[in-house]
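Notes follow once the structure below has been shown.
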Amino acid sequence: MRDSTIFAVFALLALANVGLAANASNGTFQAITAYAPPNITTFNAFLSLYIPKPILANSLFINQSVGPDSYMIMQLNGSPLDLAVINTTGGRFSFVLSQDGAATVLGKYLVSKYQPNVSVVDNITNTVKAYKSLAAGPINDCLQETGVINYLCTTSTNSNICLQDTCDTVPVCYKALRALGVPSPFSSGIYNFSINYGSLNTSYVQFFNYANGINQSNMAGNLQQMNDLLNAVHAYSTLLGQNPIFPFPSNLSISQITGTCASAVGFTGPWYCYSIGFCMSPYSNYTLLNRAQAQINNILSLPFTSTSIQSISSKAITNAQAFYTPVAIVAETEAFNKFINATTPGYISIEANLSFVASKFKNASLGVALSQLVGVYNGIKSAGVSQNLTHANLSLRSAEANAMKAYAGPAAQYLAVYNLALNNTALILLNELDYQSPPPWLSALATEQIGVNQKLNGQVNMSELSSINLQAASVNSQIKYALQPVSMAGVTKALLGGAVAAMLMSPSILLATKIALSPLYAAALALLIDIIIIVAIYLLTYNRLKSRRKINLTPRVQRAWTYLFTALFVLALLDALVVYAFASGANSFLPVGGFVSSLASSNTVYILTNSSVSSNPLVQQCTAAVKATFSVTSRNTTVYSTSFNGNGCTDPADPYVSGASCIDVIVSTGSPVIMINPGNSSMTYMGFYGDVLHVNGASAYGPSCPLGQLIRAG
């Protein structure tokens with residue numbers, strides 16, 4: 001059959017199984033709880049349930065309390081920092097599986113066990129004081145000699161102002177500055193000495209402030225700050241000594257200095273190229289400084305710092321989970337999967353309905369409810385076994401209830417118009433398939449319905465929906481009262497088809513041959529019937545009158561009777577030719593209304609799918625939808641389905657019938673047959689022999705296929 005106008009309707013309108021009665025979660029899970037271990041009354045029984053005996057035999061246990069709660073810290077295989085934490089409060093035993101919970105317990109334990117007394121800081125500060133004291137003499141003298149004692153310059157101080165407030169206040173410095181000039185390595189040296197001394201002194205002050213403020217609660221933090229400040233002391237001590245106001249470095253020979261400085265242009269050489277020894281070199285005993293830092297690092301390496309506690313706690317959780325998982329996670333996963341399996345179908349139904357209506361009908365509340373429902377469901381799936389499933393169930397049911405409340409009003413408004421459009425589309429399809437070439441009025445209705453469906457395929461507001469409803473109602477009022485066309489091929493099949501089928505019952509005749517011969521058989525049968533009628537007329541008229549001598553058989557009368565019966569016989573021949581023409585036409589097209597009538601009166605339907613498309617998911621969805629249509633009606637129809645290749649198949653109603661005769665046997669039952677093949681989208685009811693609807697291509701694609709709509713409309 002041709003691609004008709006109405007097939008475009010199905011491409012434009014997103015057909016879906018949508019209804020007001022969505023299947024919400026029905027509360028299958030009334031009292032779900034997360035996995036709970038058995039009621040174990042002794043600690044040893046708890047350990048035996050979760051922990052392998054070899055590990056238990058080599059592990060140590062330490063009591064630890066945090067507030068009113070009691071815990072047992074397990075040292076795995078006696079390793080002091082390979083731990084697990086068990087809550088033993090109130091004689092109920094459970095592993096601590098949260099980072100915060102483990103860190104709270106282990107933090108108290110580790111700090112009490114490993115954090116040293118604050119007195120250890122005295123050794124560090126004494127070492128730093130010794131380092132500072134060794135350099136203090138030369139530095140203090142230089143402060144006096146350069147005038148820096150009077151004013152500390154910073155990087156934001158103008159260099160000329162710096163020199164005025166420092167070197168210019170000391171006569172010997174003033175004379176040297178005037179002799180060497182400004183700018184000069186000497187002037188820059190005084191400026192840099194002031195800046196670096198200020199930074200060094202600030203580092204010392206901050207270091208000793210942190211040292212003096214240290215206590216048990218801030219020890220780790222203060223020690224880290226002190227360590228950073230000692231790095232600064234080291235850096236500024238080095239910068240302070242690398243200054244031309246001090247003598248040449250003692251670790252360089254004169255030849256080394258000369259070789260390096262000879263190539264320097266202007267003031268671009270190293271500092272010692274311009275050294276004048278104005279001040280004595282400060283002495284920096286970095287060994288003392290390194291000793292102090294080593295003392296700090298040794299303390300910080302102990303497992304009482306925040307970083308160490310978090311790391312050890314994370315490992316403790318991993319250990320606990322390794323014991324807990326094999327026993328608990330299986331039960332929790334089983335409970336979670338059971339919950340998801342019980343609630344997902346209802347959720348999917350509601351979500352699909354809300355998504356469909358929200359995508360087609362503008363309603364803000366519906367969109368919000370849909371978003372909240374999806375968020376709750378996805379949150380539950382993401383949380384997995386780590387949640388209380390009773391609470392999750394209540395949350396989901398509440399979200400579904402809110403969603404359905406928001407859905408009811410918009411769905412009632414939109415789906416009334418939507419379902420009217422679906423009904424119109426199916427009725428137009430049903431009427432179009434009654435014609436080989438649809439009449440103009442039907443094509444016009446199809447075009448008008450396409451316009452309706454195009455509008456519904458977008459997103460409409462309430463005003464637009466009202467207008468669409470009026471247009472759809474107008475189409476419906478015209479199509480639902482349309483009269484089925486009279487088809488002489490259909491009438492001929494109705495009158496003679498059964499008898500012809502009985503005449504062609506022989507299994508030795510191939511199906512194709514039966515179809516080809518059926519018009520001849522119909523014509524022969526019509527001729528036989530006509531001859532019987534002519535003979536009856538002859539016996540009841542001419543012969544009866546003759547035997548009773550109520551007719552004067554003159555030559556003229558005899559000729560009249562001869563002409564009469566000759567004419568009747570000619571009419572019989574003409575009738576046979578007309579029947580042959582109509583029956584032949586039936587082999588190429590019949591109004592689909594005849595097939596729909598057969599469906600309504602038959603208790604059995606066959607669906608035969610070409611093996612080349614039988615595995616196509618879209619075809620499978622369509623056939624499933626067709627079967628579902630029969631299952632929800634009151635027809636009490638049995639649907640058999642199978643695939644075929646050529647004429648070969650297996651009769652689903654009789655497995656002993658298979659091979660080349662299979663389709664012939666099925667067609668010969670007289671039951672309606674839907675035969676699905678690949679090709680261009682079309683549906684054609686044809687065949688004087690048998691009752692077969694031929695469905696090709698996209699007409700059998702998807703859950704809302706045109707075939708399904710046709711069956712539903714019929």
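What follows is calculated from the coordinates using simple rules that are stated; it is not laboratory data. Predicted model only: the values in this text are computed from it and were never measured. Heads up, the Cβs are rebuilt from the backbone with ideal geometry, glycines too, and the neighbour counts pull from every protein chain shown.
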Could you sort the peptides 245-257, 291-303 by per-residue average Cβ neighbour count (10 Å cutoff), highest mean leading? 291-303, 245-257
Suppose every Lys and Arg Cβ carries +1 and every Asp and Glu Cβ carries -1, with no other charges. What dipole size does the chain come out with about its Cα centre, to the nearest 20 debye? 2460
Calculate for the chain the 222 nm mean residue ellipticity that helices alone would give, adding -39,500 (n - 2.57) per DSSP H run of length 4 or more and normalising by residue count, nearest 500 deg cm²/dmol. -20500 deg cm²/dmol
Expressed as a rounded percentage, what relative contact order does the stretch 320-407 have, with Cα pairs under 8 Å and six or more residues apart? 39
Can you name the helices of the chain, as whole DSSP H runs, whose Cα span along the helix axis is 24 Å or more and whose Kyte-Doolittle mean is not below 1.6? 511-538
Consider a paramagnetic label point 7 Å from the Cα of V120 along Cα→Cβ; state which residues of the stretch 289-322 have an amide N under 14 Å from it. 292-306
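Could you work out how much longer the chain between N212 and S386 gets when fully extended? Use 0.36 nm per residue separation minus the Cα distance between them, nm to one decimal. Present the calculation step by step, with values, prior to reporting the outcome.
Values: separation 174, 0.36 × 174 = 62.64 nm, distance 4.67 nm.
Once the chain is fully extended between N212 and S386, it gains 58.0 nm.
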FRET efficiency for S255 and I276 from the Cβ-Cβ distance with R0 = 25 Å, rounded to 0.05, comes out at 0.80
With a ≥ b ≥ c taken as the square roots of the eigenvalues of the C-alpha gyration tensor of the chain, please select rounded if a/c is under 1.5 and otherwise prolate if a/b is larger than b/c or oblate if it is not? prolate
Calc'd 3J(HN,Hα), the stretch 679-686, phi into Karplus 6.51 cos²θ - 1.76 cosθ + 1.60 (θ = phi - 60°), Hz, glycine/Pro = x, comes to x, 5, 4, 6, 9, 9, 9, 7
List, in order, the whole-Hz ³J(HN,Hα) value for each residue of the stretch 86-95 obtained from phi through the Karplus relation with A = 6.51, B = -1.76, C = 1.60 and θ = phi - 60°; use x for Gly and Pro. 10, 7, 10, 4, x, x, 10, 10, 7, 6
In the chain, if the dipole is taken from +1 on Lys/Arg beta carbons and -1 on Asp/Glu beta carbons about the Cα centre, which of P485, T566, G101 is farthest to the positive end? T566
Under-5 Å amide H pairs with V66, H placed in peptide plane, nonlocal only: Y71
With a ≥ b ≥ c taken as the square roots of the eigenvalues of the C-alpha gyration tensor of the stretch 299-355, please select rounded if a/c is under 1.5 and otherwise prolate if a/b is larger than b/c or oblate if it is not? oblate
Show me the trypsin sites (Lys or Arg not before Pro) within the stretch 453-556 that DSSP assigns to loop and that have at most 12 other Cβ atoms within 10 Å of their Cβ. K480, R548, R549, K550
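Rounded, prolate or oblate for the stretch 579-714? Axes are the square roots of the Cα gyration tensor eigenvalues, ordered a ≥ b ≥ c, and the cut-off for rounded is a/c under 1.5.
rounded
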Within the stretch 603-683, report the chymotrypsin sites (Phe, Trp or Tyr not before Pro) that DSSP leaves as loop and that have at most 12 other Cβ atoms within 10 Å. Y656
Nearest-20 debye value, the stretch 278-431 charge dipole, Cβ charges on Lys, Arg, Asp, Glu: 200
Among the chymotrypsin sites (Phe, Trp or Tyr not before Pro) within the stretch 672-714, which fall in a DSSP loop and have no more than 13 other Cβ atoms within 10 Å of their own Cβ? none
